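J.: The structure follows.
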Amino acid sequence: MAHPPSKSRNLRRRAQRPVNLIPIMNLFIVVIPMLMTVMVSVHIAMIEITLPLAGTPPENIEDTKDLPPRVILALMQDRFEIMIDGKDETKIPVIDSLGILRYNYAALNDECRALKEKYEELNTIDILPDPQVKFDILLKSIDICKFNGFPNIKYLTSTKRLFRPKQQ
C-alpha cells in the first residue's frame, strides 16, 4: 500500500519566502542614530604642567645670577604660602565665613599680580601642594597663576614634609 507524499516534501519544493529586512532597516535608520544622539560624549580637559626631572643639575651655574627668582606657591590645608628663592614672602590664610573655611583666591590673585609687576621676566611658578589638599584647589590655583601671566607651571612633588606647620 502506497502512502501519499509527506508534508515536509511539499514544503521543500515551494519557493522560499524573501527575508524581511524591515527590522534591520529600523535598526540602522532609527535606533542607532537615536542612541548616538543620547550618548554622553566624554570631555577631556588638559592642564599643561612640567614635572621636575630627578637629579638634573642646572646647565650653567655661572648664569644663575641673571635668572629671575624661583617662586614656589605652597598649597597647605589652612593657607597659601608664596616663597621667593626659598624665603617666606607671603602667607595667605583661609577665610572663616560662618564656620566654613574657604581659600582666599582673591588675595592669591592680588599677590600673583604683584609678583608679575615686580618681576616682569618671571614666567614660571612652582606649585607644591600638600597631599591632603583637594584637586579642585590645585586647579583653581593654577588658573589664577596662568591668568596673571605665568604660563609655565611646574608641579613639585615631595616625599618629605618640607614646609612648616601652622604657627599658633
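The values are calculated or read from the model by the stated rules, or taken from the named source; none is laboratory data. Note that the structure is predicted; figures quoted are calculated from it, not measured. Using ideal geometry, Cβ is built from the backbone for each residue, glycine included, and neighbour counts are taken over all protein chains shown.
J.: Inspect all residues belonging to segment 105-112 and state whether any of them is under 18 Å from residue 146 (Cβ atoms), in contact with a Ser or Thr (Cβ under 6 Å, 6 or more places away or on another chain) and assigned to a helix (DSSP H, G or I).
T.: yes
J.: Evaluate segment 115-128: report whether one residue or more is assigned to a helix (DSSP H, G or I) and either among the aliphatic types (A, V, I, L, M) or surrounded by 12 or more Cβ atoms within 10 Å (Cβ to Cβ) (or both).
T.: Yes - at least one qualifying residue is present in segment 115-128.
J.: Looking only at residues in segment 88-119 that are at pLDDT 85 or above and of a type in the set (Asp, Glu), which one is farthest from residue 135 (Cα to Cα)?
T.: 117
J.: Additional query: Could you list, ordered by first residue, the pairs with Cβ atoms under 6 Å in which the first is in segment 75-90 and free of Cβ contacts under 8 Å to residues at least 60 places away in the same chain and the second is surrounded by fewer than 14 Cβ atoms within 10 Å (Cβ to Cβ), at least 6 apart or interchain?
T.: What qualifies is 77/132.
J.: Let me ask another. Are any residues in segment 40-87 of a type outside the set (Val, Ile, Thr), part of a strand (DSSP E or B) and at pLDDT 85 or above, and if so, which ones?
T.: Within segment 40-87, 73, 74, 75, 79, 80, 81, 83 meet the criteria.
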